[in-house]
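A quick write-up on the structure given underneath.
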Amino acid sequence: MAAIELRALTKVYPGGVKALDALDLTIPEGEFFALLGPSGCGKTTLLRTIAGLETATGGAVVIGDRDVTNLQPGARDIAMVFQDYALFPHMDVTDNIGYPLRIKKVAKPARREKAAEVGARLGLDHLMDRRPGQLSGGQQQRVALARVMATQAQAFLFDEPLSNLDARLRLEARTFLKKLQRELGVTTVFVTHDQAEALAMADRMAVMEAGHIRQIGTPAEVFQRPANTFVASFIGSTPMNLLDGVVRGDTLEVAGHSVAVPTSAKGRVPDGAEIVYGVRPEYMTYAAEPAEGAFGGKVAIVENLGATHLVTLDVNDVTVQAIVPEGSEPAIGDDGYALPRHDRALVYRNGELV
């Protein structure tokens, strides 16, 4: 395994489209690192540039102690799993797994032995004679994983490898993949647009927007303290409440209500400053009765999330959302109150976390 370092990495496509804008990033050896962001943010371009499938316009890619910026993909000692798995339809599972070894001129008996060993480890031993068209999506994914394992590369690169699986299989696959990565200890870069995958699997993650990295941190850091309003609005299965407000001494005037300045922002925002007040629905307590510092309004929408419900309140022409436990959800049209947890509320000024 090896660390991956990007130094001012830039990629500009013909026509002047800048997909990567002087990115600096270090991924320690053995880390499971996720690249997350909306479509078109540059995450797949970044992965492909690390792999050598895209040529960097500027900057450097260093894997281990080697500058591989100008090396061909086959010389970088990395292995990649694509979104569609890229299996050869005319080859059986054994030959698909052993193909990278064939490229390296490994003798046929040795590569078949290696394929059988890796296939057995991933529960494919009874499928080795089948072709991809005879396999389920989950089985094809395991063949693709077995193929990268057989290469014994310094780093694994995954380009949305779970996106073609159904919801239940995705949950099973991400648990399996994370466990496998921990066992192998191989540096892994995982691209996804699914924040649940990134939050569940990554040791650290980077949130990207328009060719820039907007925040790097552990899943807990990114979820609990988004560095800016872009990350705050993007991360989370339910969007963060982001409400315009003004500082009034020790309080904030937000949506026609007065709330205390959060602990993390005390003394850091001047009186009269325009701010954005942020708090996740998970950190809001819903009640049917008024409470000091609560946002009061009419219940507009109640969404069933299974064990919980997402309640949307109309509060002075803005919406405020709160998560409530199953069985305590209000009815549409009720008066309701959402009380933010003071220790979980955040303040943003000029788009950045205070």
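Every number here is computed from the coordinates shown, using simple stated rules; none is lab data. Remember, it's a predicted structure, so these values are computed and weren't measured experimentally. Ideal geometry is used to build each Cβ from the backbone, glycine not excepted, and the neighbour counts take in all protein chains shown.
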_Orientation-averaged projected area, Cα convex hull of the stretch 241-353 (nm²)_ = 6.7 nm²
*Which ordering of 7, 142 is given by a fewest-first count of other beta-carbon atoms within 10 Å?*
7, 142
*Can you list the trypsin sites (Lys or Arg not before Pro) in the stretch 301-354 that are in a DSSP coil and have 14 or fewer other beta carbons within 10 angstrom?*
341
_Degrees, to the nearest 10: 108-121 long Cα axis against longest axis of the chain_ = 30 degrees
*Give me the lysines in straight-line cross-link reach of residue 105: C-alpha distance below 19 Å, same-chain residues under 8 apart excluded.*
114
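For the residues 318, 189, what sequence is obtained by ranking on other C-beta atoms within 10 Å, fewest first?
Working: 318 16, 189 26.
Ascending number of Cβ neighbours within 10 Å: 318, 189.
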*Roughly how compact is the stretch 108-158, stated as its Cα Rg over 2.2 N^0.38 Å to two decimals?*
1.12
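Quick check on the chain: helices-only [θ] at 222 nm, where DSSP H runs of length 4 and up contribute -39,500 (n - 2.57) each and the sum goes over total residues. Nearest 500, please.
Computed ellipticity for the chain at 222 nm equals -7500 deg cm²/dmol.
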*Ascending count of other beta-carbon atoms within 10 Å, so fewest first, for 190, 223*: 223, 190
*When the C-alpha atoms of the chain are aligned to their principal axes, what extent does each axis show, in angstrom, from largest down?*
75, 46, 36
_the stretch 210-284: mean projected area of Cα convex hull, nm²_ = 5.8 nm²
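If you put +1 on each Lys and Arg Cβ and -1 on each Asp and Glu Cβ, how big is the dipole of the stretch 241-353 around its Cα centre, in Debye rounded to 20?
Working: 8 positive and 17 negative charges, 83 e Å.
That gives the stretch 241-353 a dipole magnitude of about 400 debye.
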*Qualifying aspartates and glutamates (Cα of each under 16 Å from Cα of residue 178; at least 8 residues distant if same chain)*: 29, 31, 159, 160, 194, 197, 203
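Mind putting a number on the dipole of the chain about its Cα centre? Charges go on the C-beta only, +1 for Lys and Arg and -1 for Asp and Glu, and I need it in Debye to the nearest 20.
Numbers: 36 positive and 43 negative charges, 378 e Å.
Roughly 1820 debye, rounded to the nearest 20.
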*asked:* Just to be sure I understand: with springs between alpha-carbon atoms less than 10 Å apart, which residue in 151, 94, 263 has the highest mean-square fluctuation in the Gaussian network model of the chain?
replied: 263
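Suppose the chain between residue 266 and residue 307 were pulled fully straight at 0.36 nm per residue; how much longer would it get relative to their current alpha carbon spacing?
Details: separation 41, 0.36 × 41 = 14.76 nm, distance 3.52 nm.
Taking 0.36 nm per residue and subtracting the Cα distance, the gain is 11.2 nm.
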*Euclidean distance of C-alpha centroids, the stretch 80-98 and the stretch 215-273, integer Å*: 47 Å
_Dipole of the stretch 1-122, positive end: most advanced residue of 120, 23, 35 [Cβ charges, Cα centre]_ = 120
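How much net charge surrounds residue 125 when only the other residues with a Cβ under 14 Å from the Cβ of residue 125 are counted, with Lys and Arg +1 and Asp and Glu -1? Write down the numbers at each step before the final one.
Details: positive: 112, 114, 121, 130, 142; negative: 92, 113, 117, 129.
Summing Lys/Arg as +1 and Asp/Glu as -1 gives +1.
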_Environment charge of residue 326, counting only residues whose C-beta is closer than 15 Å and scoring Lys/Arg +1, Asp/Glu -1_ = -3
*How much net charge surrounds residue 59 when only other residues with a Cβ under 14 Å from its Cβ are counted (Lys, Arg +1; Asp, Glu -1)?*
-2
